[in-house]
Amino acid sequence: MTPSARAQAAIELLDQIIDAARGGGAAADNLITRYFKERRYAGSGDRRAVRELVYRAIRRAGEVPVSGRAALAGLASDDEALAALFDGSPHGPAVLAEDEAMASAALFPAWLEPLLDPAIAEVERPAMLERAPLDLRVNRLRGTREDALVLLPEAVPTPHSPIGVRLPEGFRVDQHEAWQSGLVEVQDEGSQLLAFACAAKAGELALDLCAGAGGKTLALAAEMANEGSLIAADTDRGRLSRMPPRLTRAGVSIVTPRLLNPGQEREALADLAGACDLVLIDAPCSGSGTWRRNPETRWRLTPERLNRLVALQASLLDIGAELLKPGGRLVYAVCSLLAREGREQAAAFTARSALEAQPVAMDAGREAGTGRVISPAPDGTDGFFVACWSAPC
């Protein structure tokens, strides 16, 4: 593909991604994969270049663009080399009109700007335009970080997590011996730090209340030395079904997946009331802390959906508190930069709960009310708010 043809391919993909965002369709990654399956003539270099153009354009557009061409033209406003690819060639995009590339960058939807946590919003803007790193968590049930660095000479240690390594962009880790043997799992360094903040211990009864496909479940199981009992609960059958093969590869045997019916979580977890040493609530949220990784999800968030998420988070906190034994620990986390989901949610729970707020055991980040925030600009991680409480003895 010529450089101009790559630009036209990016425009076509952006059109599909924009339509999907408006109509609740497939994620950008899935659409990109499908696009190139239908275009076998595109080489690996073409695919990388087009993908990079697409994601650069998405990261720059806080609001849903009117079209893929408008999204790429906006990116061309800051990139003379890209603007030159709008050359009208047979397989390239038409020449830009004089005022077509004037759209200014806006990293967040306008309605969301007032809701961003003021303590971190400004410093995050440049970092949100960058591509997220590829981080791996070393599974201590299978080996050490030193073992992983020997097998992965391209990797470097992560700066904050003692069991993390960072790889170059585009590395195919799923085809590597280190991943296939269960020594490493793909996991952002921020998620690794969250697992450490849980202070899970061998022999405990722990609950991962929003387990998804099990990334943090696996991290907790390793911290528990695969001793005790760890229940991985979620309302999403599809995500939960992806966990068993990961458990097997990681050598984890203490996890029991549990599918919950939405709105009936309290009843389904009644057998755990007053029994848990640890409850982790990595709650459903806006995902604003991962927008450099999944930038098109900004376009799917609405005020109404945010209100529903905040209400669900509050409900899950109340449920989790009921499951703790005396002295048990409740850890709440959201991958969000919004105060409503972070510091304000934690403050409201502290005010209505009998639990006692505790310091978050995390070396990175900074204080945010009763919790702690880590984020892309200062920490190099996805954005997380984390708070901890303990049940009175």
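The values are calculated or read from the model by the stated rules, or taken from the named source; none is laboratory data. Values in this document were obtained by computation on a predicted structure and should not be read as measured data. When we count neighbours, we look across all protein chains shown, and the Cβ atoms used for this are built from the backbone with ideal geometry, even at glycine.
Annotations for the structure displayed:
- Taking the range 16-35 as the range and being at negative phi and surrounded by fewer than 18 Cβ atoms within 10 Å (Cβ to Cβ) as the test, the residues that pass are 19, 22, 23, 25, 26, 27, 29, 30, 33, 34.
- Only one of 305, 298 that is exposed (fewer than 14 other Cβ atoms within 10 Å of the Cβ), of a type in the set (D, E, K, R) and assigned by TED's automatic domain parsing to the domain that holds residue 206: 305
For (1) closer than 20 Å to residue 271 by Cα; (2) among the small types (Gly, Ala, Ser); (3) crowded, with 16+ Cβ neighbours inside 10 Å; (4) in the same structural domain as residue 266 (by TED's automatic domain parsing), each residue gets a yes or a no:
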site	(1), (2), (3), (4)
321	yes, yes, yes, yes
335	no, no, yes, yes
338	no, no, yes, yes
341	no, no, yes, yes
351	no, yes, no, yes
357	no, yes, yes, yes
365	no, yes, yes, yes
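- Residues that are among the charged types (D, E, K, R) and over 19 Å from residue 62 (Cα atoms), drawn from the range 13-48: 34, 37, 38, 39, 40, 46, 47, 48
- Failed condition for residue 267, given (1) more than 18 Å from the chain's Cα centre (by Cα); (2) acidic (Asp, Glu); (3) farther than 30 Å from residue 351 by Cα: (3)
- Single match in 323, 309 (criterion: of a type outside the set (Gly, Ala, Ser) and touching a helix residue (DSSP H, G or I) at 6+ places or on another chain (Cβ under 9 Å)): 323
- Tally, over the range 7-57, of residues that are of a type in the set (Val, Ile, Thr) and closer than 22 Å to residue 87 by Cα: 3
- Matching residues in the range 352-367 - criterion: being within 21 Å of the chain's Cα centre (by Cα) and within 15 Å of residue 331 (Cα to Cα): 360, 361, 362
- Of all the criteria given as (1) closer than 28 Å to residue 334 by Cβ; (2) buried (at least 22 other Cβ atoms within 10 Å of the Cβ); (3) outside the structural domain of residue 209 (by TED's automatic domain parsing), the one not satisfied by residue 195 is (3).
- Within the range 168-187, considering residues that are touching a residue at least 24 places away in the same chain (Cβ under 8 Å) and charged (D, E, K, R), the one surrounded by the most Cβ atoms within 10 Å (Cβ to Cβ): 185
- Number of the exception - residue 266 against (1) within 20 Å of residue 240 (Cα to Cα); (2) in contact with a Gly (Cβ under 7 Å, 6 or more places away or on another chain): (2)
- Any helices (runs of 4 or more DSSP H) falling wholly within the range 43-155 and containing at least 1 residues that are under 30 Å from residue 310 (Cα atoms), among the small types (Gly, Ala, Ser) and assigned by TED's automatic domain parsing to the domain that holds residue 27: 44-60
- Residues being small (Gly, Ala, Ser) and in contact with a Cys (Cβ under 7 Å, 6 or more places away or on another chain) - total across the range 332-387: 2
- Output for the range 133-167, where each listed residue is under 24 Å from residue 197 (Cβ atoms), surrounded by fewer than 19 Cβ atoms within 10 Å (Cβ to Cβ), touching a residue at least 12 places away in the same chain (Cβ under 8 Å) and among the hydrophobic types (A, V, I, L, M, F, W, C): 134, 141
- Of the residues 250, 233, the single one that is outside the structural domain of residue 138 (by TED's automatic domain parsing), touching an Asp or Glu at 6+ places or on another chain (Cβ under 8 Å) and over 14 Å from residue 207 (Cα atoms) is 250.
- Of all residues in the range 53-77, those being in contact with a Lys or Arg (Cβ under 8 Å, 6 or more places away or on another chain) and either farther than 18 Å from residue 22 by Cβ or of a type in the set (D, E, K, R) (or both) number 4.
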